[in-house]
Amino acid sequence: MPRTALVVPVAEASPYYDLGNGVPAHITVVFPFAEEPDEQAVRELVSRFRAFDFTLDRIEQFETGTRWLHPSPSAAFVDLTEAFVERWPEHPPYDGQFDEVIPHLTITVQDVPLPITARATEVALLVEDEATGRWSTRASFPLQGVA
């Protein structure tokens, strides 16, 4: 079965994230998600949230060595994740490996000019091609206030 993810794409950070697998620069909402998600239910949940501005304001690093950008404020990302977990408790972020949701944008380059200002306007449903390992956007769900 293909893996899926729900993410907030961050085009402004594209130069600093590229794994070569089709995944855009993003802040994860839920990964992994449902193999066959109910897109209408996802759309309805996302439509409850307003679009919002945020700033990627500093570089941090997880114990694994992964470097990432911190979004400020981050509460709106946590709220999105928590809403999905409440609606789909069988799909906790990162299979429930972590006790705390830490919104972050992974980076794959050393030098990142900060701050980076951005606007969250949508949640994208990404799906992985099992044969190639490449990801693509299956659907985009706009946040409130986005035409």
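Of note:
- Evaluated against (1) open to solvent by 50 Å² or more (accessible area, probe 1.4 Å); (2) closer than 28 Å to residue 57 by Cβ, residue 126 falls short on exactly one condition, (1).
- Residues that are over 21 Å from residue 79 (Cβ atoms), in contact with a Phe, Trp or Tyr (Cβ under 9 Å, 6 or more places away or on another chain) and open to solvent by 30 Å² or more (accessible area, probe 1.4 Å) within region 20-38 comprise 21, 22, 24, listed in sequence order.
- Some residue of region 88-106 being polar (S, T, N, Q), closer than 15 Å to residue 23 by Cβ, at pLDDT 95 or above and not in a strand (DSSP E or B): no
- Test: residue in region 105-123 that is farther than 16 Å from residue 9 by Cβ, touching a residue at least 12 places away in the same chain (Cβ under 8 Å) and surrounded by 15 or more Cβ atoms within 10 Å (Cβ to Cβ): yes
- Some residue of region 124-134 being closer than 15 Å to residue 29 by Cβ, touching a strand residue (DSSP E or B) at 6+ places or on another chain (Cβ under 6 Å), of a type in the set (D, E, K, R) and at pLDDT 95 or above: no
- Any chance residue 117 is of a type in the set (Ser, Thr, Tyr) and part of a loop (DSSP other than H, G, I, E, B): no
- Residues of region 51-65 that turn out to be open to solvent by less than 50 Å² (accessible area, probe 1.4 Å) and assigned to a loop (DSSP other than H, G, I, E, B), as a count: 2
- Scope region 39-50; condition open to solvent by 60 Å² or more (accessible area, probe 1.4 Å) and either hydrophobic (A, V, I, L, M, F, W, C) or part of a strand (DSSP E or B) (or both); matching residues: 50
The values are calculated or read from the model by the stated rules, or taken from the named source; none is laboratory data. Remember, predicted model here, so these are calculated numbers, not experimental data. Every residue, glycine as well, gets a Cβ built from its backbone with ideal geometry; the counts of neighbours run over all protein chains shown. When the accessible area is computed, the model is the full protein with side chains, heavy atoms only, and any ligands, DNA or RNA have been set aside. Shrake-Rupley method; radii C 1.70, N 1.55, O 1.52, S 1.80 Å.
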